[in-house]
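Heads up, the thing below is written out as structure tokens.
The values are calculated or read from the model by the stated rules, or taken from the named source; none is laboratory data. Model, not experiment: these values are computed from the prediction. Ideal geometry is used to build each Cβ from the backbone, glycine not excepted, and the neighbour counts take in all protein chains shown. Note: accessible area is taken over every heavy atom of the protein model, side chains too, but ligands, DNA and RNA are not part of it. Shrake-Rupley method; radii C 1.70, N 1.55, O 1.52, S 1.80 Å.
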Amino acid sequence: MPLNQKPKNFLLDVDGILTTGSFLYNKSGKFAKVFGPDDNDALKIISKFVNISFLSSDFRGFEISKKRVQNDMNFKISLVRNHQRVNWIKKNFNLKKTIYMGDGIFDWIIMKDCFYAISCNNSNKLSKKYSNFTTKANSGERAVTEACFHLIKKFFYKKKIENLILSHLNGTKKKT
């Protein structure tokens, strides 16, 4: 990571990052995922500084993720198979300007080449090994919120985070 360079994008895996990673099934198949609190609000705050996008490779549960991420949170989500993920990301993002948050056995491949990598406390060991920052929180339990506040303080906003949160609530512009 070059000194004084700021990231342009924040790309997050959905399952195991925004969710607990649990898939709830009944006899008809997958019907639910567990999403945590506060992450949407923290993402809205950091979106003043970086472009936010999500990835999922969960073809059977994509409509659930799409409902939460795209419809409820108003962020872009793309469905990309794990074996196509590295090439897809390189085609659509400049990795040297992209923060990546992942948890799985394939995510380290992206993490080793991106601007900055984040994993959750309960992420796969390889993801954690290649992360620049690992949250204390588990996935689906405010880990994205923790990551957002870490990134804001590290790259964008040197004042008290409380001031930024208040300005967000009051609808005022960012002050860096």
Failed criterion for F49 (all others in (1) touching a Pro at 6+ places or on another chain (Cβ under 9 Å); (2) in a strand (DSSP E or B) hold)
(2)
How about the stretch 116-131: which of its residues are open to solvent by 10 Å² or more (accessible area, probe 1.4 Å) and among the hydrophobic types (A, V, I, L, M, F, W, C)?
L126
Can you find a residue in the stretch 25-45 that is of a type in the set (F, W, Y) and either assigned to a loop (DSSP other than H, G, I, E, B) or open to solvent by less than 20 Å² (accessible area, probe 1.4 Å) (or both)?
no
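Restricting to the stretch 103-143, what's the tally of residues that are of a type outside the set (D, E, K, R), assigned to a helix (DSSP H, G or I) and closer than 15 Å to G16 by Cα? Working first, answer last.
So the first thing to find is which residues in the stretch 103-143 are of a type outside the set (D, E, K, R), and the list is 104-106, 108-111, 114-124, 126-127, 130-135, 137-140, 143.
Going one step further and asking which of them are assigned to a helix (DSSP H, G or I), we end up with 108-111, 126-127, 143.
Remaining after also requiring closer than 15 Å to G16 by Cα: 108, 126-127, 143.
Residues that pass the stated criteria total 4.
Take G16 and tell me if it is in a helix (DSSP H, G or I), in contact (Cβ under 8 Å) with a residue 40 or more places away in the chain, open to solvent by less than 70 Å² (accessible area, probe 1.4 Å) and touching an Asp or Glu at 6+ places or on another chain (Cβ under 6 Å). Talk me through it step by step, then tell me what you get.
Working: in a helix (DSSP H, G or I): yes; in contact (Cβ under 8 Å) with a residue 40 or more places away in the chain: yes; open to solvent by less than 70 Å² (accessible area, probe 1.4 Å): yes; touching an Asp or Glu at 6+ places or on another chain (Cβ under 6 Å): yes.
For G16, the condition - in a helix (DSSP H, G or I), in contact (Cβ under 8 Å) with a residue 40 or more places away in the chain, open to solvent by less than 70 Å² (accessible area, probe 1.4 Å) and touching an Asp or Glu at 6+ places or on another chain (Cβ under 6 Å) - is met.
With G16, G29 as the choices, which residue is on the phi > 0 side of the Ramachandran plot and under 11 Å from the mean Cα position of the chain (by Cα)?
Result: G16 is the single residue among G16, G29 that is on the phi > 0 side of the Ramachandran plot and under 11 Å from the mean Cα position of the chain (by Cα).
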Only one of these conditions is not met by K154: (1) open to solvent by 80 Å² or more (accessible area, probe 1.4 Å); (2) part of a loop (DSSP other than H, G, I, E, B). Which number is it?
(2)
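Does at least one position in the stretch 143-150 carry a residue that is at pLDDT 95 or above, of a type in the set (D, E, K, R) and under 22 Å from V50 (Cα atoms)? Outline the logic, then answer.
The first filter runs over the stretch 143-150 and keeps only residues at pLDDT 95 or above, leaving 143-150.
Subset that is of a type in the set (D, E, K, R): 146.
Now restrict to residues that are under 22 Å from V50 (Cα atoms): 146.
Yes, that holds for at least one residue.
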Meets criteria (outside any loop (DSSP other than H, G, I, E, B) and under 14 Å from the mean Cα position of the chain (by Cα)) for V69
yes
Quick test of your reading of the structure: S56 fulfils all but one of (1) in contact with a Leu (Cβ under 6 Å, 6 or more places away or on another chain); (2) open to solvent by 20 Å² or more (accessible area, probe 1.4 Å). Name the failing condition by number.
(2)
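Determine, yes or no, whether I165 is of a type outside the set (D, E), under 14 Å from L12 (Cα atoms), in contact (Cβ under 8 Å) with a residue 40 or more places away in the chain and surrounded by 13 or more Cβ atoms within 10 Å (Cβ to Cβ). Explain how you work it out, then say what you get.
On the way: of a type outside the set (D, E): yes; under 14 Å from L12 (Cα atoms): no; in contact (Cβ under 8 Å) with a residue 40 or more places away in the chain: yes; surrounded by 13 or more Cβ atoms within 10 Å (Cβ to Cβ): yes.
So I165 fails the test.
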Selection count, the stretch 71-96, where residues are in contact with a Lys or Arg (Cβ under 8 Å, 6 or more places away or on another chain) and open to solvent by 70 Å² or more (accessible area, probe 1.4 Å)
1
